[in-house]
Amino acid sequence: MPRIQFIDVTFPPSNLPSSFDIESRLKRHLHQLRLKKGAAREDFMIEDSDRIKIRQRTEAYLNAIARASGMGHLDKGDRKRLEVFRKGAELKAVDTEHRADEIASALHTEMPWMAEATERVWKDMRASVRNGDPAPRLRPLLLVGPPGIGKSFWARLLGDQLLVPTTVIEATGEPAAFSVTGSQRGWGSAGPGKPLEGIMASGIANPVVVVDEIEKAGIVESNRGQRFSLSEGMLPFLERFTAAKWSCPYFRVSFDMSWIAWVMTANSLNGLPAPFLSRCPPIHLSALSAEDLKGFATREGARRGLPYDAISAVHEVVAAIDKPQLVSLRSVVRMLDAVDQAIHRPVLH
């Protein structure tokens with residue numbers, strides 16, 4: 001699996017001595033120096049003034065190393081958190097165009113009504129293989145369509161097929177960009193954003209990040225009158241050049257976030273700014289047909305091991321509905337749940 005330098009810092013040597021070890025060495029050096037000068041044995045004693053000087057020199061040495069690393073402004077705890085990137089971060093590759101075809105085929109077989117989104121990803125994967133990229137370079141996707149057609153489900157399925165982690169951000173519960181970018185110290189919820197936290201946890205630099213119902217995200221205004229919106233906060237991530245040198249407001253160092261596969265979902269384009277839409281032109285999706293719903297019920301029922309008669313019963317319910325576009329995948333899942341529970345209900349004596 002290829003690795004990249006994910007963070008723009010220089011890590012100190014892994015065998016860097018601790019402050020205790022450095023102070024011990026300086027004390028031994030002071031003993032030897034006084035011995036060479038012929039000092040009396042009682043002069044070998046380390047006095048408080050010696051200890052203060054040794055401690056100051058130790059701190060100065062360690063601080064100089066931290067400054068040279070680019071992490072001198074961070075406390076020990078945050079520097080330790082970033083140690084996960086000492087050897088870089090991994091990229092999950094799509095090695096051949098044939099493998100890209102297999103992924104696209106699996107997506108299309110599972111959710112054929114998402115064909116336009118699947119085709120976009122398919123073309124990007126094949127182009128990355130031809131270009132010799134170490135991992136797929138997937139353009140940001142904005143999936144626009146009615147609720148319940150499986151936009152988020154498709155994004156999770158994409159992550160499963162790419163063998164990468166998937167991070168889901170519910171925009172309706174995230175009123176500002178902090179969930180994506182993180183927030184600088186001084187805010188009550190200061191910390192890195194969810195995409196970076198996910199990469200830190202997995203060590204994989206090309207996860208799928210889903211921002212669900214992004215058009216419903218609100219705007220937060222600080223006490224100083226600064227406005228923070230999710231769609232505007234995402235702009236640096238949506239262009240490869242700026243994402244490759246993205247500066248985290250919490251850690252205040254740069255990370256290569258250019259390999260993330262972004263999938264945004266929306267029910268409409270209302271409230272989404274033009275700069276955001278220019279970076280990820282929307283893919284408009286239609287409501288599901290009765291055949292789409294039946295096909296999904298068949299595949300999901302088979303995965304659950306449900307008998308044919310049970311799946312046929314769900315088909316009959318879908319067929320009896322005058323307006324299948326009012327039925328969502330969630331409705332079908334609930335029907336299958338009910339059938340599953342009825343079949344496996346324990347016998348009462």
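The values are calculated or read from the model by the stated rules, or taken from the named source; none is laboratory data. All values reported here derive from a predicted model rather than from experimental measurement. Cβ placement follows ideal geometry from the backbone for every residue including glycine, while neighbour counts extend to all protein chains displayed. To get the accessible areas, we keep the full protein, side chains included, count just its heavy atoms, and leave off ligands, DNA and RNA. Shrake-Rupley method; radii C 1.70, N 1.55, O 1.52, S 1.80 Å.
So that you can scan it fast, the table gives a plain yes or no per residue for (1) basic (Lys, Arg); (2) farther than 17 Å from VAL263 by Cα:
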site: LYS76; (1), (2): yes, yes
site: GLU90; (1), (2): no, yes
site: THR96; (1), (2): no, yes
site: SER105; (1), (2): no, yes
site: MET111; (1), (2): no, no
site: THR118; (1), (2): no, no
| Within segment 70-91, is even one residue open to solvent by 10 Å² or more (accessible area, probe 1.4 Å), in contact with a helix residue (DSSP H, G or I) (Cβ under 7 Å, 6 or more places away or on another chain) and farther than 30 Å from SER18 by Cβ? | no
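Which residue out of MET200, MET264, MET234 is in contact with a Cys (Cβ under 7 Å, 6 or more places away or on another chain) and either among the hydrophobic types (A, V, I, L, M, F, W, C) or farther than 21 Å from TRP113 by Cβ (or both)? Before you say what the answer is, go through the steps one by one.
Numbers: MET200 fails: in contact with a Cys (Cβ under 7 Å, 6 or more places away or on another chain); MET234 fails: in contact with a Cys (Cβ under 7 Å, 6 or more places away or on another chain).
Exactly one residue qualifies, and that residue is MET264.
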| Which one of ARG303, ARG334, ARG345 is part of a loop (DSSP other than H, G, I, E, B), open to solvent by 40 Å² or more (accessible area, probe 1.4 Å) and among the charged types (D, E, K, R)? | ARG345
| Hey, among the residues in segment 262-288 that are open to solvent by less than 50 Å² (accessible area, probe 1.4 Å) and either free of Cβ contacts under 8 Å to residues at least 24 places away in the same chain or hydroxyl-bearing (Ser, Thr, Tyr) (or both), which one's nearest to THR109 (Cα to Cα)? | THR265
| Can you name the residue in segment 79-111 that is among the charged types (D, E, K, R) and assigned to a loop (DSSP other than H, G, I, E, B) and, of all such residues, is nearest to PHE153 (Cα to Cα)? | LYS92
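Could we say that ARG55 is closer than 30 Å to PHE251 by Cβ, touching an Asp or Glu at 6+ places or on another chain (Cβ under 9 Å), among the basic types (Lys, Arg) and open to solvent by 40 Å² or more (accessible area, probe 1.4 Å) here? Reasoning before the result, please.
On the way: closer than 30 Å to PHE251 by Cβ: yes; touching an Asp or Glu at 6+ places or on another chain (Cβ under 9 Å): yes; among the basic types (Lys, Arg): yes; open to solvent by 40 Å² or more (accessible area, probe 1.4 Å): yes.
Yes, satisfied.
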| request: Please work out which residue is surrounded by the fewest Cβ atoms within 10 Å (Cβ to Cβ), limiting yourself to segment 208-260 and to residues that are at pLDDT below 90 and part of a helix (DSSP H, G or I). | output: GLU232
| query | Residues in segment 75-96 that are closer than 18 Å to ASP160 by Cα, of a type in the set (D, E, K, R) and free of Cβ contacts under 8 Å to residues at least 60 places away in the same chain: how many? | reply | 1
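Please determine, by comparing only the residues of segment 136-164 that are β-branched (Val, Ile, Thr) and surrounded by 22 or more Cβ atoms within 10 Å (Cβ to Cβ), which one is nearest to THR265 (Cα to Cα). If you could, list the steps in order and put the result at the bottom.
Let us first name the residues in segment 136-164 that are β-branched (Val, Ile, Thr), namely 144, 149, 164.
Those still in the list that are surrounded by 22 or more Cβ atoms within 10 Å (Cβ to Cβ) too: 149, 164.
Values: ILE149: 11, VAL164: 19 Å.
Selected residue: ILE149.
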| Unique match (being of a type outside the set (Lys, Arg), touching a strand residue (DSSP E or B) at 6+ places or on another chain (Cβ under 9 Å) and more than 30 Å from GLU300 (Cβ to Cβ)) among ALA117, ALA127, ALA89 | ALA89
| query | Hey, among the residues in segment 1-57 that are outside any helix (DSSP H, G or I), modelled with pLDDT of 85 or more and β-branched (Val, Ile, Thr), which one's nearest to LEU162 (Cα to Cα)? | reply | ILE4
| Among all residue pairs at least 6 apart or on different chains, which show Cβ distances below 9 Å where the first residue, located in segment 1-24, is surrounded by 14 or more Cβ atoms within 10 Å (Cβ to Cβ) and the second is modelled with pLDDT of 80 or more and among the β-branched types (Val, Ile, Thr)? | PHE6/ILE199; ILE7/VAL253; ASP8/VAL253; VAL9/VAL253; ILE22/ILE54; ILE22/THR58; GLU23/ILE54; GLU23/THR58
| Do any residues in segment 234-247 that are among the β-branched types (Val, Ile, Thr) have Cβ atoms under 9 Å from those of residues that are open to solvent by less than 70 Å² (accessible area, probe 1.4 Å) and not in a loop (DSSP other than H, G, I, E, B), where the two are at least six apart or on different chains, and which pairs are they? | THR242/LEU235; THR242/PRO236
